[in-house]
Every structure is written in C-alpha cells, then in structure tokens.
Amino acid sequence: MAKAATAPAGAFFANWRQNIIYIGFVVIFVVFALTLNDKGFLNPNNLLNIVRQTAMIAVMAVAMTFVLSAGEIDLSVGAVAGLTTVTVAMAIAVAGPVGGVLAGLATGLAVGVFNGWLTTRIGIPSFLTTLAMMGIAKGVAMWISDTAAVPILSPGYSWIFGGGSVGPIPVLMFWMAVIAGVGHVALRRSGFGRKVLATGGGEMAARYSGIDTRSIKFKVLVLSSCAAALAGMLYAGRLQSGRFQLGEGDELSVIAAAVLGGTSLFGGKGTVIGTIVGALMIGMINNGLILMGLEFSQQLIAKGAIIILAVALSQKRG
C-alpha cells in the first residue's frame with residue numbers, strides 16, 4: 001500500500017522537467033511567504049488581488065494555448081484588449097450595457113476573422129499578421145477615443161465584468177475558472193482540441209489524415225481575438241472606463257504564461273491547466289517584487305530572469 005501511494009509522487013518528480021511550473025510555483029510561493037509575511041503577502045486580500053491582476057492575462061493565455069499548440073502565434077492580443085475597452089465604453093454610452101457587450105464581441109470577432117483570413121488565405125505568417133494588427137488596433141483605439149479615457153457609467157456592467165464580488169470572491173475569479181474549465185475540456189476532451197494538437201505537431205501529416213489545417217488555424221486565431229476582447233471587457237468593467245493603454249504589453253505575459261505552463265512554441269503540445277498556473281505564477285512574481293520594494297526596472301530584470309530560468313529548466317536535454 002505504501003509503495004502504491006508513493007508511486008504517483010515518484011512519477012511526478014521523475015518527470016520534474018515537465019512539471020517544473022508546479023514545482024516552481026510552490027517554491028516561489030513558499031519563499032515569498034517566508035520573506036514577505038510581515039509585508040502582508042499571505043493576507044487574503046493580497047492573494048485575491050493577485051487573482052484580480054492575473055485574470056485577464058489568464059483568459060487570453062488559455063486561447064493562446066490553442067494558437068501556439070496549432071503552430072501559430074498572436075501578438076495582437078494586448079492591443080485588441082485595449083481597443084475593446086474603448087469600443088465597449090463608447091457603445092455603452094449610446095446603447096447601454098447590452099450594446100457594449102455586443103460591441104466588445106464584435107470587435108474580437110472582426111479582428112480574429114481578419115487575422116485568420118490573412119494568415120490562412122493570403123498566406124502571411126501569423127507573426128507578421130498579428131504584429132501589424134497590434135499597431136492597427138492601438139491606432140484605431142487612439143483615434144476613436146481621441147487618446148482620452150471613456151468613462152463607463154453602468155454599475156451593472158462593471159459588476160458583472162470584473163468589478164463585482166460574491167462575498168470575498170471577486171467575479172474575475174469565476175470568469176477565469178469558467179474559461180479555464182472550458183478550455184481544458186476543449187483541448188483535451190474534444191475532437192477540435194485533438195485536431196489543434198495534430199495540426200501543430202505535424203501539419204502535413206494532419207492534412208493526410210483528413211484534417212482541414214487551414215480551418216483549424218483560422219479558428220484558433222478567431223478564438224484568440226475573441227478571448228482578448230473578453231479580457232478587454234473585463235478590463236473595462238474593473239476600471240470602469242475604456243482606455244487605449246489597457247492591455248499594452250500583455251502579449252508578452254500571455255505568451256510567457258502559456259510557455260511556462262508547458263505549451264510548445266513550435267506547436268503540437270499544450271496544457272490549459274499549466275497555462276493558468278503559469279499566469280498565476282507571473283502575477284505572484286509581480287506582486288512579490290512590488291512588496292519587496294524593488295524599482296520598476298529591477299522588477300523587470302528579476303521577472304525576466306525567473307521566467308528564463310523556469311523555461312530553461314523545463315527543456316529536455318538532447
């Protein structure tokens with residue numbers, strides 16, 4: 001009985017490289033708990049703040065897991081989130097909360113269809129397509145808002161999309177949990193998820209097996225933009241305004257969360273649960289470094305070094 005009980009633990013540590021994100025998460029949490037306890041790291045409000053600050057990254061990172069698993073990449077997610085905050089805020093002012101939600105979803109769908117069409121039909125690499133879209137989305141957001149913040153005066157919208165809480169639990173935690181659950185089931189338990197992994201693992205072989213790889217890549221790029229739009233709606237609800245700066249630079253954290261969680265940049269491998277842990281780990285590192293009192297430049301250096309170390313340790317040696 002004792003041997004049977006220790007077998008799973010032995011297997012876990014025997015494959016420590018592929019489980020490095022979980023080991024690293026626990027190690028960093030313990031280090032911060034011991035060194036920053038007097039600064040309130042373990043305070044429940046602080047831990048919930050980590051979730052609040054991480055939720056939007058996690059939502060986008062779940063969709064990015066599908067994109068990377070299919071052998072593509074989306075660099076426009078942060079800019080699309082920022083554009084969505086503006087379109088939602090402007091639509092709410094004219095058509096109310098329902099109009100704002102529809103405008104946000106339409107923004108994500110339109111950008112995703114455009115990205116997918118250029119990548120799969122015109123043949124432009126997704127790296128270039130989404131890099132260009134990053135600039136276009138930010139430019140449009142600045143243009144239609146005249147670079148000013150657009151207030152959201154709808155308490156109902158703000159409560160549902162990021163600003164509310166059920167008891168001590170922030171609504172953002174429910175959004176993150178739902179997206180993570182749906183993403184995990186879709187990637188691991190559905191035919192679509194298997195096709196995504198097959199496409200990224202070997203596009204030619206996937207085609208020969210009857211998979212429409214262009215359709216799969218189109219769908220994951222649309223999914224990514226729609227997730228970025230949802231993240232933008234959550235940003236807008238939490239901060240009660242639309243601003244083109246929101247989401248700026250998020251694409252780096254989103255990709256880092258997915259890769260830290262075990263998703264391959266070269267396609268064919270992905271895990272939504274690992275991605276969520278990766279996103280929470282990045283949020284925890286940000287929070288801990290702030291509590292340490294490091295300057296912003298020092299925070300960037302420390303965070304980058306930790307991420308590089310974690311990714312390097314997770315790689316299998318030849």
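At a glance:
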item: The chain, helix-only ellipticity at 222 nm - DSSP H runs n ≥ 4, -39,500 (n - 2.57), divided by all residues, nearest 500; result: -25000 deg cm²/dmol
item: Candidate aspartates and glutamates - alpha carbon under 20 Å from Lys195, same-chain residues fewer than 8 apart omitted; result: Glu72, Asp74, Glu203, Asp212
item: Per-selection Rg to Rh, the stretch 57-152 - Cα, Kirkwood hydrodynamic radius; result: 1.00
item: 10 Å-binned pair-distance histogram of the chain (Cα, whole percent); result: 6, 25, 33, 25, 9, 2, 0
item: Magnitude of the charge dipole, the chain, Cβ model with Lys/Arg +1 and Asp/Glu -1, debye to 20; result: 940 debye
item: Among Phe218, Tyr235, Gly156 the positive-end extreme of the charge dipole of the stretch 117-237 (Cβ point charges); result: Phe218
item: Kyte-Doolittle mean at least -1.0, axial Cα span of 24 Å or more - DSSP H helices of the chain; result: 44-69, 77-117, 126-145, 171-189, 213-239, 272-291, 296-314
item: Alpha carbon centroid spacing (whole Å) that separates the stretch 231-267 from the stretch 181-197; result: 21 Å
item: Length gained when the stretch Ile23-Phe127 is fully extended (0.36 nm per residue, less Cα-Cα span); result: 34.3 nm
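Where a number appears in this text, it was derived from the coordinates with a stated rule and is not lab data. These numbers come from a predicted model, not from an experiment. Quick reminder, even Gly has a Cβ in these numbers, built from the backbone with ideal geometry, and neighbours come from all protein chains shown.
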